[in-house]
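Take a look at the structure set out below.
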Amino acid sequence: MTATSFHFGEGDRTLYGVYHAPSVRRRRPLAVLLLNPFGEEAIRSYRVQKIIAERLAALGAAVLRFDYYGAGDSAGECVETSIDGMQTDILTAHEELIDLSNIRRVAWCGLGLAVPVALSAFSSANVNLAKFLGWDPVISGSEYIDDLTASHAKYLADALDMPERRIRRELSMQLTEVMGFGVSESLISDVVDLELNGSDLDVCDDVALIGRKSSGAFRKLHGQLTSTASSVSIEFDESVTWNSHQALNSIIVPNDSIAAIVRALADGDE
């Protein structure tokens, strides 16, 4: 299998991507688009996303992973990140993957904030998906911002040797940066408005979510889907460690989670 890095997109909105060509010996009619989470979380998940891409390619799937505009090696500044922009980038990458692989049977695999953003992108575009998988999804945008604020406050408290409570109080008035990544007021507002509901998951016949039972929001969504006899597959995974501080420099990856994701995406496409 070969991995090729390149830039794509139009005009000033060029995106950086890595295309993992499928194994010739095990080629299957499936192309997978991996969708990064937000900000520093994309750095923390880099190794995990790379391993998922490599394993899927080894099983014969074509895979594309990429950086949103304003993130990683793509054009733009991090403060320019927006929900609308992320949705545009997802759809651009979707078409690029089809062009690269010549495969129209496409699956999306989103992590964290990418899950509700991708679902919104789907609802606003004429896209056909074979599969959709959401891993450790952000379900409540307001709770997610609260978590980011708490993480950033702890980061600053440790770095500046200041009381964390004082920093949290100041951040609650205006959050302009999260773990070294600048954020705009409009982005914060748009994320707060995000709320993932069961009805949002009606994107294709093969939808799966992998999340933590310790997450109250995820348990609530599970109950909602169960009560409506939804066909969405739900898997609980307490071994999710991709978003820990240790994940930045650790050689250990959540193999059970990776195996579940690869299995969910590759099954049925021999």
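Things to note:
- Just one of the listed residues (S74, S123) is surrounded by fewer than 24 Cβ atoms within 10 Å (Cβ to Cβ), small (G, A, S) and in contact with a strand residue (DSSP E or B) (Cβ under 8 Å, 6 or more places away or on another chain), namely S74.
- Taken over segment 156-204, the criterion of being closer than 30 Å to V106 by Cβ, among the acidic types (D, E) and not in a loop (DSSP other than H, G, I, E, B) is satisfied by D190, E195, D200.
- Here A31, A62, A58, A71 are screened, and the one residue that is within 24 Å of N128 (Cα to Cα) and either without any contact (Cβ under 8 Å) to a residue 60 or more places away in the chain or of a type in the set (F, W, Y) (or both) is A62.
- When segment 38-66 is filtered for residues that are within 18 Å of P116 (Cα to Cα) and of a type in the set (F, W, Y), the ones remaining, listed by number, are F38, F66.
- Yes/no for G76 being closer than 22 Å to M179 by Cα and in a loop (DSSP other than H, G, I, E, B): yes
- Scan of segment 108-135 for residues that are over 15 Å from D206 (Cβ atoms), touching a Phe, Trp or Tyr at 6+ places or on another chain (Cβ under 7 Å) and assigned to a loop (DSSP other than H, G, I, E, B), ordered by number: G112, L113
- Within segment 159-178, the set of residues being modelled with pLDDT of 80 or more and surrounded by fewer than 17 Cβ atoms within 10 Å (Cβ to Cβ) comprises T176, E177.
- In segment 39-71, the residue that is surrounded by the most Cβ atoms within 10 Å (Cβ to Cβ) out of those that are in contact with a strand residue (DSSP E or B) (Cβ under 8 Å, 6 or more places away or on another chain) and of a type in the set (F, W, Y) is F66.
- Residue within segment 143-152 that is without any contact (Cβ under 8 Å) to a residue 24 or more places away in the chain, within 25 Å of E235 (Cβ to Cβ) and either surrounded by fewer than 20 Cβ atoms within 10 Å (Cβ to Cβ) or of a type in the set (A, V, I, L, M, F, W, C) (or both) present: yes
- Within segment 32-49, being assigned to a helix (DSSP H, G or I) and either aliphatic (A, V, I, L, M) or over 13 Å from the mean Cα position of the chain (by Cα) (or both) holds for A42, I43, R47, V48.
- Selected residue (only one of R55, R104 is of a type outside the set (A, V, I, L, M, F, W, C), in a helix (DSSP H, G or I) and assigned by TED's automatic domain parsing to the domain that holds L221): R55
- As a summary of the residue check, G11 satisfies the conditions (1) surrounded by 22 or more Cβ atoms within 10 Å (Cβ to Cβ); (2) of a type outside the set (F, W, Y); (3) assigned to a loop (DSSP other than H, G, I, E, B) except for the one numbered (1).
- Just one of the listed residues (L248, L201) is at pLDDT 85 or above and either surrounded by 17 or more Cβ atoms within 10 Å (Cβ to Cβ) or of a type in the set (A, V, I, L, M) (or both), and it is L201.
The values are calculated or read from the model by the stated rules, or taken from the named source; none is laboratory data. All figures in this text were calculated on a predicted structure; none of them were measured in a lab. In this analysis, Cβ positions are derived from the backbone assuming ideal geometry, glycine residues included, and neighbour counts consider all displayed protein chains.
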